[in-house]
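The values are calculated or read from the model by the stated rules, or taken from the named source; none is laboratory data. These numbers were taken from a predicted model, which means no experiment stands behind them. Every residue, glycine among them, receives a Cβ derived from its backbone with ideal geometry; neighbour counts consider all protein chains shown. Ligands, DNA and RNA are excluded from the accessible area calculation, which covers all protein heavy atoms including side chains. Shrake-Rupley method; radii C 1.70, N 1.55, O 1.52, S 1.80 Å.
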Amino acid sequence: MTTKQQAQPKPLLETMTWPEARQAAENGGRVVLLPVGAIEQHGPHLPVDVDNRIVVWLCHEAARRRPDLILSAPPIHYGFNEHNMGFPGTITVAIEHFINYVYDVCHSFVRQGHTRIVLVNGHGSNAMPCALVARRIVNETEDGMAAAISHWHLARELAARIRETPAGGMAHACEYETSWYLFLNPDLVRMERAVPDMLAQRSQYIWVDLMAGDGPVAFIDDWSRVSNGSGVEGDPQTASAEKGWRYAEEEVGHLVEFCQEFKAMPLLPRRNYTARGRDPNPYANFD
Ligand SMILES: [Zn+2]
């Protein structure tokens with residue numbers, strides 16, 4: 001008698017046939033990781049695909065480690081980038097189109113049977129629209145739950161320990177992003193062109209720092225007005241492949257852990273206590 005070996009489920013949707021995709025979506029399905037990136041200038045030393053390359057690697061790696069729990073989806077390559085259109089190699093999608101397009105992709109996963117979706121964002125300006133898409137999935141579908149993560153937030157504690165750039169100076173094509181790229185694909189990094197470029201502080205209320213948090217006031221100016229011409233914000237000269245590897249390990253570990261937690265999160269019934277609802281008014285006797 002031959003025993004049929006149980007095949008390991010495939011981690012990536014793009015390699016599946018439809019019967020395999022059906023299986024991955026059964027009983028609420030595996031947690032879908034949707035990488036959301038951007039094509040955008042990243043200084044004179046990094047390619048324009050930084051934000052895509054990082055999130056695709058993260059999502060694929062998380063799914064490779066736990067293919068029973070996670071399904072990694074093909075990415076959203078283009079993002080909301082209007083503020084960087086003064087730099088070559090940047091492509092932008094209007095914010096309404098971006099929200100609707102990403103929503104449609106997430107909604108499709110819900111229609112196919114998946115009930116847990118995580119948008120894994122790699123680009124600062126996508127953070128708010130991704131959070132809105134996640135909210136819409138929760139609000140507008142019966143049993144879909146979507147969450148949004150900007151991947152750098154998964155490594156805040158590590159960054160506080162290993163960063164060399166002072167707080168307020170880690171925002172774009174910086175120590176952090178350059179370290180990631182040196183880990184993922186050092187051949188494409190032109191370190192001889194990496195220049196520190198700290199934006200002049202224009203207000204005690206406004207600053208951007210991926211790791212230490214932003215200032216209390218939300219204000220993003222056109223990048224060409226505030227950058228000194230490099231497109232960098234931070235000090236990429238302090239980057240290293242070793243730091244990149246540590247960030248990658250930290251983030252993939254937390255991402256898998258969150259997926260486990262998110263999958264186990266119960267879907268509680270919605271209540272309707274209004275006069276039109278069927279749920280009894282718990283305060284009926286207090287008037
Ligand atoms: Zn970036």
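Things worth noting here:
- Against the list (1) farther than 20 Å from VAL138 by Cβ; (2) out of contact with any Gly (no Cβ under 6 Å at 6 or more places or on another chain); (3) open to solvent by less than 40 Å² (accessible area, probe 1.4 Å), the condition PRO88 fails is (3).
- Hey, VAL105 within 16 Å of the ligand (Cβ to nearest atom), among the aliphatic types (A, V, I, L, M) and touching a residue at least 24 places away in the same chain (Cβ under 8 Å) or not: no
- GLY234 vs. criteria closer than 17 Å to ARG156 by Cα, in contact with a helix residue (DSSP H, G or I) (Cβ under 9 Å, 6 or more places away or on another chain) and of a type in the set (Gly, Ala, Ser): yes
- Residue tally, condition in a strand (DSSP E or B) and away from the ligand (no atom under 16 Å from the Cβ), over segment 143-156: 4
- For segment 63-95, a tally of residues being outside any loop (DSSP other than H, G, I, E, B) and farther than 28 Å from CYS259 by Cα returns 4.
- Just so you know, in segment 120-142 the residues that are over 19 Å from LEU71 (Cβ atoms) and outside any helix (DSSP H, G or I) include one that is most open to solvent (accessible area, probe 1.4 Å), and it is GLU142.
- Qualifying residues in segment 162-177 (those that are out of contact with any Pro (no Cβ under 9 Å at 6 or more places or on another chain) and charged (D, E, K, R)) - the one surrounded by the fewest Cβ atoms within 10 Å (Cβ to Cβ): GLU164
- Test result for ALA159, surrounded by 22 or more Cβ atoms within 10 Å (Cβ to Cβ) and either under 18 Å from the mean Cα position of the chain (by Cα) or outside any helix (DSSP H, G or I) (or both): yes
- Looking across segment 205-223, the residues that are surrounded by 14 or more Cβ atoms within 10 Å (Cβ to Cβ) and either of a type in the set (Gly, Ala, Ser) or closer than 19 Å to ASP51 by Cβ (or both) come down to VAL208, ASP209, LEU210, MET211, ALA212, ASP214, GLY215, TRP223.
- Exclusive hit being at pLDDT 90 or above, more than 24 Å from VAL120 (Cα to Cα) and in a loop (DSSP other than H, G, I, E, B), set LEU199, LEU268: LEU268
- Scanning segment 178-201 for residues that are open to solvent by less than 10 Å² (accessible area, probe 1.4 Å) and within 19 Å of the chain's Cα centre (by Cα) gives THR178, SER179, TRP180, TYR181.
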